[in-house]
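Structure record follows, encoded as structure tokens.
The values are calculated or read from the model by the stated rules, or taken from the named source; none is laboratory data. For clarity, every value in this text was computed on a predicted model and none was experimentally measured. With ideal geometry, Cβ positions are generated from the backbone for all residues, glycine too; neighbour counts draw on all protein chains shown.
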């Protein structure tokens with residue numbers, strides 16, 4: 001099954017504590033319907049030093065966010081877009097923004 005949101009896409013958070021934040025998708029976990037977005041849903045993780053020279057402390061790391069809480073940004077209009085798939089004459093599947101009809105590369 002083709003994914004509506006893929007690694008490298010620019011997305012916006014449409015609901016939740018980070019609503020309105022934008023970022024690039026770093027990783028997608030299709031089985032869990034989740035994604036890791038840069039700068040969104042940042043959690044603090046406390047680490048212990050476990051080797052010589054390695055420092056402990058508080059590390060900020062992006063946690064996963066559910067795919068239903070993010071929307072792909074249409075690159076031409078720079079607004080959130082709903083996605084549909086169309087099959088071209090040569091048989092390739094393309095993602096298309098429903099409102100504008102712009103194709104989304106990637």
*Which ones in the range 13-43 are part of a loop (DSSP other than H, G, I, E, B), exposed (fewer than 14 other Cβ atoms within 10 Å of the Cβ) and on the phi < 0 side of the Ramachandran plot?*
14, 15, 17, 19
_So residue 65, is it modelled with pLDDT of 95 or more, closer than 23 Å to residue 18 by Cβ and part of a strand (DSSP E or B)_ = yes
